[in-house]
1. Restricting region 135-146 to residues that are in contact with a Lys or Arg (Cβ under 9 Å, 6 or more places away or on another chain) and more than 14 Å from residue 202 (Cα to Cα), which is least open to solvent (accessible area, probe 1.4 Å)?
2. Where in region 153-225 are there strands (runs of 3 or more DSSP E), lying wholly inside it, with at least 1 residues that are within 19 Å of residue 117 (Cβ to Cβ)?
3. Filter region 207-229 down to the residues that are open to solvent by 10 Å² or more (accessible area, probe 1.4 Å), under 15 Å from residue 151 (Cα atoms) and not hydroxyl-bearing (Ser, Thr, Tyr) and list them by number.
Amino acid sequence: MKTTDIYGLPYIEAGDLVSAAPAQFKTMAEGIETALVEVDSRNTPAGVKPVIATTLEALAAQTGVTGQTGYVTADTTTANNGPYFWNGSAWLPYATGGMLDDLRNQLTQGYESAKFTWQNAGSFQPDSYGGGMEIVVDRANRLLHVHLSGFKSTVSLSSDFPVFHYASGPKPSRAVSLGCLWSIPGNNFAKQAKWNTDGSVSVIGGMAVNDRCLHTPRTLPIPAGVTFA
């Protein structure tokens, strides 16, 4: 007798003797029974019977075949209910539609833009190209992308001054140093900035009449503990 390729079911060939029929039929029946047990018990990676448990703790107490599916059906913690798979040493949750939606939201909705206007466009004359006039808050990666504008000052300042007023978007929970954002040609120094809790951006230090502030956009990490509202 020969057997089938997948489940090894024995079958009679033309050359098999009729006198051996009882033994051959017995072998065939036992082969079919063995295959049915294998399919029913799902003891192979090709077909694994799900392990059903009412709680995640109950599921964790059981083991499975690598790749086997498990289900938690009635855990008091709703988030624990759903499909799992056995990775060879533990039950891990399948990525459900809700999980994928949450991940998609993190990737596509993690950006917010704070917009700014000039405190006085006559006192601080904007560059003709306008600039971005925004700070993009990248929550997912904890980064700030700062793109304001260059300008020329027509006034003299002796201390920090909020040149950029808040228009819309998030505000920091505490003041954030933005580092050097402008250089002043011929004076061999640069101007730093600070993003204040009221949303405005101050230019740090004094400024002379006709100081030309050349802006350089920059990206910097969000300081630890700073949140946005």
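The values are calculated or read from the model by the stated rules, or taken from the named source; none is laboratory data. What you are looking at is a predicted structure, and each value in this text was computed from that prediction instead of being measured. Note that each Cβ is placed from the backbone with ideal geometry, even for glycine, and that neighbours are counted across all protein chains shown. What goes into the accessible areas is simple: the full protein's heavy atoms, side chains included, and nothing from ligands, DNA or RNA. Shrake-Rupley method; radii C 1.70, N 1.55, O 1.52, S 1.80 Å.
1. 144
2. Because the criterion is at least 1 residues that are within 19 Å of residue 117 (Cβ to Cβ), the strands (runs of 3 or more DSSP E) in region 153-225 that meet it are 161-168, 176-184, 189-195, 201-203, 212-215.
3. 208, 209, 210, 211, 212, 214, 215, 217
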